[in-house]
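**Student:** Got a structure here, written out as C-alpha cells. Questions coming.
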Amino acid sequence: MVNLLEIGDEELASLLSSGRLTLSIYGLGYVGLSLVAVWLRAGARVIGVDVNPQKVAEISRGIVDSYEKAVVEAINRGLKEEKFKATLDGVQAARESHVKIVTVPVSLDENKKPVFKALREALRTIGGGLKRGDLVIIESSVPVGTTSNLAKPLLEEVSKLKVEKDFGLAYSPERIYIGRAVKDIEENYPKIIAGIGEKSLKAATKLYRLVARKGVIQLPTPEYAELEKLLEGVYRDVNIALANQLALLCRALGLDYDKVREAANSQPFCHLHKPGAGVGGACIPVYSIFVQNMARNLGVKLNLVEEGRRINDEMSRIVTDIVKESVEKAGLKKPVIAILGLAFRGGIDDTRYSPAYKVIENLLEYGYAIRAVHDPYVKKDNRVAGLEIELTNSLEKALRGANVVVIVTDHPEYKKIGIKQFKELSGKSEVLVVDARHVIEDWENPPRGVLYTGVGRPFIFKV
C-alpha cells in the first residue's frame, strides 16, 4: 500500500518515474486534460474522469479537444502505452488511484451565487473510493473556505475516513493560460499549495515538486491559497477596466491608446492592459463575483472591485454605441453587420461568458441586421442559433454583403487581415470596421470608402 502521508521524497520520485503511481483527474476540460498530460509526461499512470459520455468516448479514441500539441501527444502516447484511460466511473477511478485531483468548475447561477453541484458530485464520487494513504487535491477556483468547510466534511462523511489521519487533502489552484498550460505547470509558474494540515501540505508539496520546475510556494491554510487564486483574477479585472476607460478617453481625444500604452509601459512600474469589448471566460468575471459576495457577507466594501466589474460588463454596450455612432457618422442607411469572433479571447473556442453575446444582443436590440457571426474555432453555438443568426467558419461567407464589421475577439487569424480586404470581401463600396480588440495593424491608412475606428482609436474615413 502506498501511503502518501508518510512516503519519503526518493520513494515517491521512484514510484512516479516507474509508473507505479496512479493519479485520477476529475473533470476533463482544458485544465483537466492539461494535468493529465503533465502527469503522463512525468511517468505516472493517469485515469481521466468525466460525466460526459461523448467526451470520454472521444478521448478514449484519441480525439483530444486541446490546442496544445504537448497535451494531444501525451494523451495519445498514454493510450498507446496503456498508461492512460478515460472513464465515467469515478468511484472505481478513486479506488485505483493514489492521488485524486479535482478540476470541475464552480460556476455562478442567475443570481450570481456560486453553484457547487459539480464539485459536490466529484467529491462524493471520490469519497466512495477513497483509501487510507490517498491524497486529494482540489485545483478548481472556489470561494474562500470551500476546502475546509465543504470538501473536508463531505469526504470524511462519504469515506468514513479522517483527514490527516487516514488521507490527505490539499488545495492547489490551477495557474494556466489556455494554449500553453503544460509549459505553465512545468516551467513558468511556481505551484501554490496549502494543506488542510501539516501532513497534507507535505504530501502535496513532495508531489508537485516533481513536476513544477519553478518550485512550490506553501501557504498556511487552504483559505490563503483559495483567496490568492481569486485575487489574481481580480487584479486582471480591475486593470482591464482601467484600460477600457483610458482607451475611451484616447478615442475621445482622437488619439491611439496603443501608442500611449506602449510608451507608458516602457516605464517598469506601469503595466497598462489592453482594452476590449468586456471580459469573458469562466475565470476573471467569476472570481470577481466570488470576492464581492464574500466581502459583502463580511461587511467589507470593495468599491474599486465592484466598479471594475461594472465597467467591464458595460463595455459590450459601449461597443454597440460606438457602432451606432459610427454608422450615423458614415451615413450608412441600411447597415448589415458581420461579427468577427464569438470566443471570449483569441485562439480558442471557449465562449463562456463571452462579451460577444451581449454585443450581438445589443445590436439586435438597436434594430440592426446581423449578416453572420464568424469564428475560426467555434463550430456551433446554441445561443447564436437561437437568435437565428448564421455562425460560420468562413470569413469570406461572413463578410459577403456586410457593410459593417465588428471585431470582438482577438483571434490571430484577424491580425493577418489587411484593412482593404474588408472592402474587397464585402463587395460593398463603403464599409465600416469597428475594432474592439485593436487587431488591425494597417488601420491608419484605409482605402477610400472604409471607415475605421477602435475602442481606443480615432475615426479614420476616406470618402
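**Student:** Exactly one of these conditions fails for Glu424: (1) touching a residue at least 24 places away in the same chain (Cβ under 8 Å); (2) outside any loop (DSSP other than H, G, I, E, B). Give me its number.
**Tutor:** (1) is the only condition that Glu424 fails.
**Student:** Only one of Lys183, Lys202 is among the basic types (Lys, Arg), within 30 Å of Glu10 (Cβ to Cβ) and under 27 Å from the mean Cα position of the chain (by Cα). Can you tell me which?
**Tutor:** Values: Lys202 fails: under 27 Å from the mean Cα position of the chain (by Cα).
Answer to the check: Lys183.
**Student:** Please verify whether Val323 is part of a helix (DSSP H, G or I), surrounded by fewer than 22 Cβ atoms within 10 Å (Cβ to Cβ) and not charged (D, E, K, R), treating the condition exactly as stated. Spell out the reasoning first.
**Tutor:** Values: part of a helix (DSSP H, G or I): yes; surrounded by fewer than 22 Cβ atoms within 10 Å (Cβ to Cβ): no; not charged (D, E, K, R): yes.
Here the answer is no, as Val323 does not meet what is asked.
**Student:** Report the residue count in segment 102-122 for those that are in contact with a Gly (Cβ under 9 Å, 6 or more places away or on another chain), in a loop (DSSP other than H, G, I, E, B) and of a type outside the set (Val, Ile, Thr).
**Tutor:** Step one: filter segment 102-122 for residues in contact with a Gly (Cβ under 9 Å, 6 or more places away or on another chain), giving 102-105, 118, 121-122.
Now drop any that are not in a loop (DSSP other than H, G, I, E, B), which leaves 103-105.
So of that shortlist, the ones also of a type outside the set (Val, Ile, Thr) come out as 105.
Going through segment 102-122 one residue at a time, the tally reaches 1.
**Student:** I need the full set of residues from segment 153-194 which are of a type in the set (D, E, K, R) and either over 22 Å from Gly346 (Cβ atoms) or assigned to a strand (DSSP E or B) (or both), in order please.
**Tutor:** Filtering segment 153-194 down to residues of a type in the set (D, E, K, R) leaves 156-157, 160, 162, 164-166, 174-175, 180, 183-184, 186-187, 191.
Correct list: Glu156, Glu157, Lys160, Lys162, Glu164, Lys165, Asp166, Glu186, Glu187, Lys191.
**Student:** Against the definition (surrounded by fewer than 24 Cβ atoms within 10 Å (Cβ to Cβ), without any contact (Cβ under 8 Å) to a residue 60 or more places away in the chain and β-branched (Val, Ile, Thr)), how does Val72 come out, yes or no? Explain how you work it out, then say what you get.
**Tutor:** Details: surrounded by fewer than 24 Cβ atoms within 10 Å (Cβ to Cβ): yes; without any contact (Cβ under 8 Å) to a residue 60 or more places away in the chain: yes; β-branched (Val, Ile, Thr): yes.
Against the criterion (surrounded by fewer than 24 Cβ atoms within 10 Å (Cβ to Cβ), without any contact (Cβ under 8 Å) to a residue 60 or more places away in the chain and β-branched (Val, Ile, Thr)), Val72 qualifies.
**Student:** Glu307: charged (D, E, K, R), farther than 22 Å from Thr351 by Cβ and part of a helix (DSSP H, G or I), yes or no? Outline the logic, then answer.
**Tutor:** Working: charged (D, E, K, R): yes; farther than 22 Å from Thr351 by Cβ: yes; part of a helix (DSSP H, G or I): yes.
So Glu307 fits the description; yes.
**Student:** Name every residue in segment 203-242 that is under 15 Å from Pro173 (Cβ atoms) and polar (S, T, N, Q), in order of residue number.
**Tutor:** Thr205, Gln218, Thr221
**Student:** Follow-up question, since we're still on this one. Quick one: is Asp50 in contact with a strand residue (DSSP E or B) (Cβ under 8 Å, 6 or more places away or on another chain), closer than 30 Å to Tyr287 by Cβ, crowded, with 19+ Cβ neighbours inside 10 Å and acidic (Asp, Glu)? Explain how you work it out, then say what you get.
**Tutor:** Working: in contact with a strand residue (DSSP E or B) (Cβ under 8 Å, 6 or more places away or on another chain): yes; closer than 30 Å to Tyr287 by Cβ: yes; crowded, with 19+ Cβ neighbours inside 10 Å: yes; acidic (Asp, Glu): yes.
In short, yes.
**Student:** Let me ask you something else. Return yes when Gly281 is touching a Gly at 6+ places or on another chain (Cβ under 8 Å), at pLDDT below 95 and within 28 Å of Asn393 (Cβ to Cβ) and no when it is not.
**Tutor:** Details: touching a Gly at 6+ places or on another chain (Cβ under 8 Å): no; at pLDDT below 95: yes; within 28 Å of Asn393 (Cβ to Cβ): yes.
No.
**Student:** How many residues are of a type in the set (Lys, Arg) and in contact with a strand residue (DSSP E or B) (Cβ under 8 Å, 6 or more places away or on another chain) when one looks only at segment 219-252? First the steps, then the outcome.
**Tutor:** Step one: list which residues in segment 219-252 are of a type in the set (Lys, Arg), which gives 229, 236, 251.
Narrowing the set further to residues that are in contact with a strand residue (DSSP E or B) (Cβ under 8 Å, 6 or more places away or on another chain) leaves 229, 251.
Number of matching residues: 2.
**Student:** With in the same structural domain as Gly280 (by TED's automatic domain parsing), over 22 Å from Val439 (Cβ atoms) and surrounded by fewer than 21 Cβ atoms within 10 Å (Cβ to Cβ) as the only criterion, which of Arg383, Arg345 stands out?
**Tutor:** So the residue among Arg383, Arg345 that is in the same structural domain as Gly280 (by TED's automatic domain parsing), over 22 Å from Val439 (Cβ atoms) and surrounded by fewer than 21 Cβ atoms within 10 Å (Cβ to Cβ) is Arg383.
**Student:** Identify, please: which residue in segment 273-306 is surrounded by 12 or more Cβ atoms within 10 Å (Cβ to Cβ) and of a type in the set (Gly, Ala, Ser) and is, among those, nearest to Cys250 (Cα to Cα)?
**Tutor:** We begin by selecting, within segment 273-306, every residue surrounded by 12 or more Cβ atoms within 10 Å (Cβ to Cβ); these are 273-296, 302, 304-306.
Now narrow it down to the ones that are of a type in the set (Gly, Ala, Ser): 276-278, 280-282, 288, 295.
Numbers: Gly276: 14, Ala277: 16, Gly278: 17, Gly280: 23, Gly281: 27, Ala282: 30, Ser288: 27, Ala295: 33 Å.
Ranking the qualifying residues of segment 273-306, first place goes to Gly276.
**Student:** Here's another thing I want to ask about it. So is Val300 over 25 Å from Tyr30 (Cβ atoms) and assigned to a loop (DSSP other than H, G, I, E, B) or not? Steps first, please.
**Tutor:** On the way: over 25 Å from Tyr30 (Cβ atoms): yes; assigned to a loop (DSSP other than H, G, I, E, B): yes.
Criteria met by Val300.
**Student:** Check off (1) surrounded by 12 or more Cβ atoms within 10 Å (Cβ to Cβ); (2) not in a helix (DSSP H, G or I) for Cys270 and give me the number that stays unchecked.
**Tutor:** Cys270 satisfies every listed condition except (1).
**Student:** Now for a different question. Report whether or not Lys259 is surrounded by fewer than 17 Cβ atoms within 10 Å (Cβ to Cβ) and in a helix (DSSP H, G or I). It would help to see each step written out before you state the result.
**Tutor:** Working: surrounded by fewer than 17 Cβ atoms within 10 Å (Cβ to Cβ): yes; in a helix (DSSP H, G or I): yes.
For Lys259, the condition - surrounded by fewer than 17 Cβ atoms within 10 Å (Cβ to Cβ) and in a helix (DSSP H, G or I) - is met.
**Student:** Further question on the same structure: Kindly indicate whether any position in segment 412-425 is surrounded by 14 or more Cβ atoms within 10 Å (Cβ to Cβ), farther than 20 Å from Asp256 by Cα and hydroxyl-bearing (Ser, Thr, Tyr).
**Tutor:** no
**Student:** For Glu223, work out the one condition from (1) farther than 30 Å from Asn362 by Cα; (2) assigned to a loop (DSSP other than H, G, I, E, B) it doesn't fulfil.
**Tutor:** So Glu223 meets the others, but not (2).
**Student:** Test each condition in (1) among the small types (Gly, Ala, Ser); (2) outside any loop (DSSP other than H, G, I, E, B); (3) farther than 23 Å from Thr351 by Cα for Gly401 and report the one that comes out false.
**Tutor:** (2)
**Student:** Would you please list the contacts, defined by Cβ atoms under 9 Å and residues six or more apart or on different chains, that run from a residue in segment 119-130 that is farther than 12 Å from Thr103 by Cα and surrounded by fewer than 23 Cβ atoms within 10 Å (Cβ to Cβ) to a residue that is at pLDDT below 95 and not aromatic (Phe, Trp, Tyr)?
**Tutor:** none
**Student:** To continue, here is another question. Being under 22 Å from the mean Cα position of the chain (by Cα) and either among the hydroxyl-bearing types (Ser, Thr, Tyr) or outside the structural domain of Val99 (by TED's automatic domain parsing) (or both): is that true of Leu249 here? Spell out how you get there, then give the answer.
**Tutor:** On the way: under 22 Å from the mean Cα position of the chain (by Cα): no; either among the hydroxyl-bearing types (Ser, Thr, Tyr) or outside the structural domain of Val99 (by TED's automatic domain parsing) (or both): yes.
So Leu249 does not fit the description; no.
The values are calculated or read from the model by the stated rules, or taken from the named source; none is laboratory data. Everything quoted here is computed from the prediction, not taken from an experiment. Cβ: placed from backbone, ideal geometry, glycine included. Neighbour counts: every protein chain shown.
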